[in-house]
Amino acid sequence: MIDKVTRVIDSHCNESALKFIDMVQQERERQDKKWGEQTHSLTGWFAILGEEFGEFAKEVVELDCYRSPIASREDTIKELVEVAAVAQSIYEQYFVRDPNESKT
Ligand SMILES: [Mg+2]
């Protein structure tokens, strides 16, 4: 399975896609170190994802609408990566590691 995924990634992903995947993986590792293995209800995950999405939205507004001098593309990308990392965590914990939870 992993070999197949690796072949698909190698043949279809451009450099920016691979960089994004790498950033998400690094963020996942950072979150695991910070929080340990997380187990939440789907509602709990929804709240966490919503919080991260809100942080991304704040950066977008400051960068793109207000053109705030403290806003940066790097901070906006960081928040976007955090959204993706939480989405990956939801998939891994709720739908793969604890599949019975997804039936409630
Ligand atoms: Mg965030």
Could you size up the charge dipole of the chain around its Cα centre, putting +1 on the beta carbon of Lys and Arg and -1 on that of Asp and Glu, and report it in debye to the nearest 20? 180 debye
What lysines does residue 78 reach when the alpha-carbon gap must be under 23 Å and sequence neighbours fewer than 8 apart in one chain are set aside? 19, 33, 34, 58
Would you kindly calculate the translational diffusion coefficient of region 2-103, applying Stokes-Einstein with the Kirkwood radius from alpha carbon pairs, for 4 °C and a viscosity of 1.567 mPa s, and quote it in µm² s⁻¹ without decimals? 85 µm²/s
Using the charge dipole of region 2-103 (Lys, Arg: +1 at Cβ; Asp, Glu: -1 at Cβ; taken about the Cα centre), state which of 100, 24, 54 has its Cα farthest towards the positive end. 100
Region 29-83, Cα convex hull volume normalised per residue, Å³: 75 Å³
With each pseudo-label sitting 7 Å past Cα toward Cβ, what's the residue 67-residue 40 distance in nm, one decimal? 3.6 nm
Relative contact order of the chain (C-alpha contacts under 8 Å, at least 6 apart) in percent is 33 percent
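Throughout, read-outs are computed from the coordinates displayed, never taken from laboratory work. Remember, it's a predicted structure, so these values are computed and weren't measured experimentally. When we count neighbours, we look across all protein chains shown, and the Cβ atoms used for this are built from the backbone with ideal geometry, even at glycine.
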